[in-house]
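**Student:** One structure, as structure tokens, below. Some questions next.
All of the numbers you see were taken from the coordinates with simple rules; none came from a lab. These numbers were taken from a predicted model, which means no experiment stands behind them. As a convention, Cβ positions derive from the backbone with ideal geometry for all residues, glycine included, and neighbour counts pool all protein chains shown.
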Amino acid sequence: MTPQSFLLSTQLADYVRGCGDPPDDVVTDLVAETAAMTAAGDGRPTYQVAPEQAAFLTLLTRICGARWAVEVGTFTGLSALAIARGLPEDGGLLCLDRDEHWTDVARRYWARAGVDERIELRLGEAADLVAALPLRPTFDLAFVDADKTGYAGYVDALHPRMHPGGLLVLDNTLRAGRVLDPADADDRAIAQLNAALAADPRFDTVLLPVADGLTLLRVR
């Protein structure tokens, strides 16, 4: 099953995708392979961004002129593929994930798309990997799609590693609407973070109703 926003019916989701550039064979095959994996209980469908969200990430990367990017939480690699395609040839994307099995799938599709040389993958606990990065402005773009209870920590750790004017992008910040009535620790963590970011002087902040909620944080 192709991932889609909880805000859209299947018919409207198909319409939205049909009004943009169609995904190529690499994206189509990656989505299909990931869907087969999740149907067999290997991961969750919500771990992968929707195809239109991937297209948006490519466009966003190009619009903000990012050269160096970092991703926290890679899964089977669609969001990383999208970001890498938006980078210039001399740019680079650092992917941080803890699962070699899922990221082996990602590596195959990155190579097939011809962007593997732009991507460096580091495996381990995301919090430790982010903390180990040099404490200086390095990245123009960051995409966070990992453990939800860790989001606040990732934002704090990434902020000093972003260039002024850089963009942090947080996925799943609506939690399928459960931010209004949190049902578990993940929902509560995101609801609390959303409230905190709305008053955070470090960023210009907007939460967009894209996919499962996409928060854009521009570093002031």
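**Student:** Over the chain, what is the mean sequence separation of C-alpha contacts under 8 Å (at least six apart), divided by residue count, expressed as relative contact order in percent? Walk me through the numbers before you get to the answer.
**Tutor:** Values: 385 pairs, mean separation 38.7, N = 220.
In percent, rounded to a whole number, it is 18.
**Student:** Now for a different question. With only alpha-carbon pairs counted, each pair once and no self-pairs, how large is the Kirkwood hydrodynamic radius of the chain in angstroms? Don't jump to the answer; show the numbers that get you there.
**Tutor:** Values: mean 1/r = 0.0574 Å⁻¹.
For the chain, the Kirkwood estimate is 17.4 Å.
**Student:** Quick one: if the Förster radius is 30 Å, what FRET efficiency do Leu208 and Ala40 give, using the C-beta to C-beta distance and rounding to 0.05?
**Tutor:** Working: r = 32 Å, r/R0 = 1.07.
That pair, Leu208 with Ala40, gives E of 0.40.
**Student:** Another question about this same structure. Based on the Cα atoms of the range 1-43, what semi-axes does the equivalent ellipsoid have, where each is the square root of 5 times one gyration tensor eigenvalue, given in whole Å with the largest first? Please list the in-between numbers first.
**Tutor:** Details: eigenvalues 83, 45, 7 Å².
With the √(5λ) rule applied to the range 1-43, the semi-axes are 20, 15, 6 Å.
**Student:** Let me ask something else about it. Debye sum, Cα scatterers, the range 21-147, no solvent: what log₁₀ I/I(0) at q = 0.14, 0.23 1/Å?
**Tutor:** Taking Cα atoms of the range 21-147 as identical point scatterers yields -0.55, -1.52.
**Student:** At 222 nm, what value in deg cm²/dmol follows for the chain if DSSP H runs of at least 4 each add -39500 (n - 2.57) and the sum is divided by all its residues, to the nearest 500? Walk me through the numbers on the way to the answer.
**Tutor:** Numbers: 8 runs with 87 residues, N = 220.
-12000 deg cm²/dmol, from helical runs alone.
**Student:** Please state, rounded to one decimal and in Å, the Kirkwood hydrodynamic radius that the range 93-204 gives when every pair of distinct Cα atoms enters the mean of 1/r. Could the numbers behind the result be given before it?
**Tutor:** On the way: mean 1/r = 0.0648 Å⁻¹.
The answer is 15.4 Å.
**Student:** Further question: Give the distance, in whole Å, between the Cα centre of the range 165-206 and the Cα centre of the range 1-70.
**Tutor:** So the two Cα centres are separated by 21 Å.
**Student:** Determine the dipole magnitude for the chain: charges of +1 sit on the beta-carbon of Lys and Arg, -1 on that of Asp and Glu, nothing else is charged, the reference point is the Cα centre, and the result goes in debye to the nearest 20.
**Tutor:** Details: 20 positive and 32 negative charges, 127 e Å.
For the chain, the charge dipole is close to 600 debye.
**Student:** With each label point set 7 Å from Cα along the Cα-Cβ vector, what nm distance links Arg188 and Ala152?
**Tutor:** About 1.1 nm, to one decimal.
**Student:** What FRET efficiency, computed as 1/(1 + (r/R0)^6) with R0 = 30 Å and r the Cβ-Cβ distance, is obtained for Asp90 and Asp29, rounded to the nearest 0.05?
**Tutor:** On the way: r = 28 Å, r/R0 = 0.93.
The formula returns an efficiency of 0.60 here.
**Student:** Among 39-46, 76-83, 186-193, 127-134, what's the highest-first ranking by average C-beta atoms within 10 angstrom per residue? Can you show the working numbers first?
**Tutor:** On the way: 39-46: 12.5, 76-83: 27.4, 186-193: 18.8, 127-134: 14.2.
In descending order of packing, they fall as 76-83, 186-193, 127-134, 39-46.
**Student:** If each residue of separation counts as 0.36 nm, what is the full-extension length gain between Thr10 and Ala176 once their alpha-carbon separation is subtracted?
**Tutor:** On the way: separation 166, 0.36 × 166 = 59.76 nm, distance 1.52 nm.
Net length gain for the segment: 58.2 nm.
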